[in-house]
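Undergrad: Got a structure here, written out as structure tokens. Questions coming.
The values are calculated or read from the model by the stated rules, or taken from the named source; none is laboratory data. The structure displayed is predicted, hence computed values, not measured ones. Glycine also receives a Cβ, built like all others from the backbone with ideal geometry; neighbour counts cover every protein chain displayed. The area values use the complete protein model at the heavy-atom level, side chains included, leaving out ligands, DNA and RNA. Shrake-Rupley method; radii C 1.70, N 1.55, O 1.52, S 1.80 Å.
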Amino acid sequence: MLLNSFLLSLNAIVSIFVMMGVGYGAKRLLRLDKGSVQRFNSLVFHTLLPLMLFNNIYRSDIRGGVNLGCLGLALGVLAVLFMATWALVKRVEPANDQRGVMIQASFRSNFLLLGMPLIQELCPGADLATVSVMLAVVVPCYNVLAVITLEMFRQQQVNVGKILRGIAKNPLIIASVAGILVNLSGLALPECLANPISQLGASASPVALLLLGAQFEFHDVRVHRRNLAICTALRLVVFPGVALPLAALAGLRGPEFAVLISMFATPAAVSSYSMAAQMGGNPELAASAVTMTTLLSAGTMFLWIFLFKSLGMF
């Protein structure tokens with residue numbers, strides 16, 4: 001089981017880096033400039049990622065019920081750590097375009113892409129209703145917090161009306177709400193709509209990874225090494241180091257505990273780069289943060305899984 005879990009994490013991470021490597025090579029082979037990469041990124045952010053979110057939530061079994069204690073603990077810990085991260089980053093980093101990126105990279109995990117396969121590996125045959133509901137609730141929360149963070153640091157002042165408009169107009173949030181409403185309505189989309197939504201949504205992750213690789217520069221890692229060290233430590237060590245012991249003390253076991261591993265111990269979300277690039281964040285730092293947390297999570301995820309599997313949490 002532990003070897004399988006390690007191989008799952010390793011395979012997912014290797015696959016991510018292969019896609020990024022193709023994007024990195026394509027940029028140089030085709031001599032793409034930053035403007036071209038940004039235009040493609042806009043397509044992903046406004047079209048492909050929203051369709052992926054809508055499709056995942058629309059097809060989830062969010063009526064199957066959820067452990068409210070698990071959901072409450074997850075959201076409570078996320079809120080507290082988000083505020084603590086905000087305070088820390090504001091203290092150590094003066095540049096607003098980097099502050100928002102660091103905070104987002106710290107709290108926003110790759111739960112959307114890695115959550116379901118990781119749970120299936122850690123708890124074979126388990127009821128996945130909890131994961132479906134968590135996806136439907138947590139992913140929109142991630143998006144709202146990301147919009148608030150990036151908007152506030154882009155404006156350099158608190159403008160509640162503009163922040164609320166940014167949340168209401170954000171395509172990822174619109175897609176999440178639409179997915180929840182259609183799911184709960186019980187309506188089935190006709191195949192002529194459901195199929196293209198599913199196919200285009202399935203392309204979001206690989207295209208986003210190609211663009212992430214195209215954006216990445218080794219020079220950026222050296223330039224941002226201090227900030228990368230901070231948000232990587234927060235994402236891979238501090239967040240799971242706080243959330244998972246609390247879950248164990250709260251008595252969560254089995255799939256309910258495993259879903260928190262996939263939420264708190266996975267690397268920074270690939271979509272965080274697209275959002276940062278579109279909302280005034282530093283795209284080089286955002287790309288480097290996703291890359292570094294993904295690379296190092298192969299080791300940290302294995303350690304968290306090994307520890308809590310040994311303690312009988314799932």
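Undergrad: Under a straight-distance cross-link criterion of Cα-Cα below 18 Å, which aspartates and glutamates are reachable from LYS27, leaving out those fewer than 8 residues away in the same chain?
TA: Correct list for LYS27: GLU217, ASP220, GLU284.
Undergrad: Amide H to amide H under 5 Å from SER109: which residues, 5+ apart in sequence or cross-chain, H placed 1.01 Å off N in plane?
TA: Distant-sequence amide H within range of SER109: ALA269.
Undergrad: Along the stretch 143-152, what does the Karplus equation 6.51 cos²θ - 1.76 cosθ + 1.60 (θ = phi - 60°) give for ³J(HN,Hα), rounded to whole Hz, x for Gly and Pro?
TA: Once θ is set to phi - 60°, the couplings for the stretch 143-152 become 5, 5, 5, 5, 4, 4, 4, 5, 5, 5 Hz.
Undergrad: Using θ = phi - 60° and the Karplus curve 6.51 cos²θ - 1.76 cosθ + 1.60, what whole-Hz ³J(HN,Hα) does each residue of the stretch 241-249 get, with Gly and Pro shown as x?
TA: Here the 3J(HN,Hα) series is x, 8, 5, 6, x, 5, 5, 5, 5 Hz.
Undergrad: Which Rg and Dmax, in Å, describe the Cα atoms of the stretch 264-304?
TA: 11.2, 35
Undergrad: Taking every pair of alpha-carbon atoms in the stretch 214-263, give the share separated by more than 11 Å as a whole percent. Walk me through the numbers before you get to the answer.
TA: Numbers: 888 of 1225 pairs.
Roughly 72 percent, once rounded to a whole number.
Undergrad: State the dimensionless ratio Rg/Rh of the stretch 175-226 (Rg: radius of gyration of Cα atoms; Rh: Kirkwood radius). Can you show the working numbers first?
TA: On the way: Rg = 18.1 Å, Rh = 14.2 Å.
Answer for the stretch 175-226: 1.28.
Undergrad: Any idea of the accessible area per residue across the stretch 156-281, 1.4 Å probe, to the nearest Å²?
TA: Ligands and nucleic acids excluded, the figure is 42 Å² per residue.
Undergrad: Still on this structure, I have one more. For the chain, what class follows from the C-alpha gyration tensor (a ≥ b ≥ c being the square roots of its eigenvalues): rounded when a/c is under 1.5, otherwise prolate if a/b is larger than b/c, else oblate? Show your work: numbers first, answer last.
TA: Values: a/c = 1.31, a/b = 1.16, b/c = 1.13.
Rounded is the answer for the chain, as its axis ratio a/c remains below 1.5.
Undergrad: Pop out the carbon and sulfur fraction of the accessible area of the stretch 177-282 as a percent, whole number, probe 1.4 Å. Could you put the intermediate results ahead of the total?
TA: Details: 2820 of 4060 Å².
Of all accessible area on the stretch 177-282, carbon and sulfur atoms account for 69 percent.
Undergrad: Among 274-283, 259-268, how do they line up by average Cβ neighbours within 10 Å per residue, starting with the highest? Kindly include the intermediate steps, with their values, before the conclusion.
TA: Working: 274-283: 23.9, 259-268: 27.7.
Per-residue Cβ counts within 10 Å, averaged per peptide and sorted highest first, yield 259-268, 274-283.
Undergrad: Now for a separate question. So what is Rg over Rh here for the stretch 36-160, counting just Cα atoms and using Kirkwood for Rh?
TA: Numbers: Rg = 16.6 Å, Rh = 16.4 Å.
Result: Rg/Rh = 1.01.
Undergrad: Checking the cross-link filter: which lysines have an alpha carbon closer than 24 Å to that of LYS162, excluding same-chain neighbours under 8 positions apart?
TA: LYS90
Undergrad: Over the stretch 58-144, average the accessible area per residue using a 1.4 Å probe and give it in Å², no decimals.
TA: On the way: 3260 Å² over 87 residues.
Per residue, the stretch 58-144 has 37 Å² of solvent-accessible surface.
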